[in-house]
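Enquirer: Pasting a structure here, questions to come.
The values are calculated or read from the model by the stated rules, or taken from the named source; none is laboratory data. Just so we're clear, the structure is a prediction, and the values are computed from it rather than from any experiment. We place every Cβ from the backbone using ideal geometry, glycine too, and count neighbours over all the protein chains shown.
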């Protein structure tokens, strides 16, 4: 009888030790998982129609990544806008300025138009850093409207002409636009003595996607025109998702690969390719500010 009692005490003690160890390991695993998640950011978006689908999609990605503390601080869209138009918007309609003045924005996005330098980028940078010295300002370099500059080889007047577009022509147009943005970012970062202005290379990613379509390596799309709705360059779900993945990567400086964020019209294989393409483009581009990070 005494032996049974002794065994019972030993068994209970063993179970206590087992469950204590199990609880400890669970806490370690949970802590490790939490450590992987970046700190939530308060994000305010400004831009035109090549950008303003991004906020909703980033919100979905943040939920999929289980990022705690994220906040959509606001959004201000103006069709076909230059950044200066957001700055000049009348006070009773301007959401961007008060948001920056509050100091409660960590990341502020802008979508550049073709006219670079843009005084709006300069103004928002100065105002934002005045009220939050740690603010990051992201300027989206978009895909080129009408594919290339007017008068250049490859300029289109209807969407179907995109099917004959030459990738080197597309890349040359984006390169020229991006270099102008880089020059303004360099000037502003020098003036403020820190890296505060960054560039999201969405346009480069889109050219790579179009190259995949031409090569027949992007499933479900056989023509470049299938990525867009009009000659200007308003885009369908594939490009929207790609640009959103690029912005998410730049905002949170982590890879979007593996996130499960549903987007109508795309399957898992397409999402996986777009996620990888976005991360490879953004993480290897020094002006995005996350070069050298792995997935």
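Enquirer: All but one of (1) in contact with a strand residue (DSSP E or B) (Cβ under 8 Å, 6 or more places away or on another chain); (2) surrounded by fewer than 19 Cβ atoms within 10 Å (Cβ to Cβ) hold for residue 85; state the number of the condition that does not hold.
Expert: Every listed condition holds for residue 85 apart from (1).
Enquirer: List every residue pair whose Cβ atoms lie under 9 Å apart, where the two residues are 6 or more positions apart in sequence or sit on different chains, the first residue falls within the range 217-240 and is within 21 Å of residue 48 (Cβ to Cβ) and in the same structural domain as residue 156 (by TED's automatic domain parsing), and the second residue, located anywhere, is at pLDDT below 95 and surrounded by fewer than 16 Cβ atoms within 10 Å (Cβ to Cβ).
Expert: Every condition considered, the pairs that remain are 236/265; 237/264; 237/265; 238/265.
Enquirer: Further question on the same structure: Return yes when residue 263 is surrounded by fewer than 24 Cβ atoms within 10 Å (Cβ to Cβ), at pLDDT below 95 and in the same structural domain as residue 80 (by TED's automatic domain parsing) and no when it is not. Show your work before the answer.
Expert: Details: surrounded by fewer than 24 Cβ atoms within 10 Å (Cβ to Cβ): yes; at pLDDT below 95: yes; in the same structural domain as residue 80 (by TED's automatic domain parsing): yes.
For residue 263, the condition - surrounded by fewer than 24 Cβ atoms within 10 Å (Cβ to Cβ), at pLDDT below 95 and in the same structural domain as residue 80 (by TED's automatic domain parsing) - is met.
Enquirer: Going residue by residue through the range 154-177, is there one that turns out to be free of Cβ contacts under 8 Å to residues at least 24 places away in the same chain and touching a helix residue (DSSP H, G or I) at 6+ places or on another chain (Cβ under 7 Å)?
Expert: Yes.
Enquirer: Would it be correct to say that residue 127 is assigned by TED's automatic domain parsing to the domain that holds residue 252, surrounded by 14 or more Cβ atoms within 10 Å (Cβ to Cβ) and touching a residue at least 40 places away in the same chain (Cβ under 8 Å)? Lay out the reasoning, then the answer.
Expert: On the way: assigned by TED's automatic domain parsing to the domain that holds residue 252: yes; surrounded by 14 or more Cβ atoms within 10 Å (Cβ to Cβ): yes; touching a residue at least 40 places away in the same chain (Cβ under 8 Å): no.
Answer is no for this residue.
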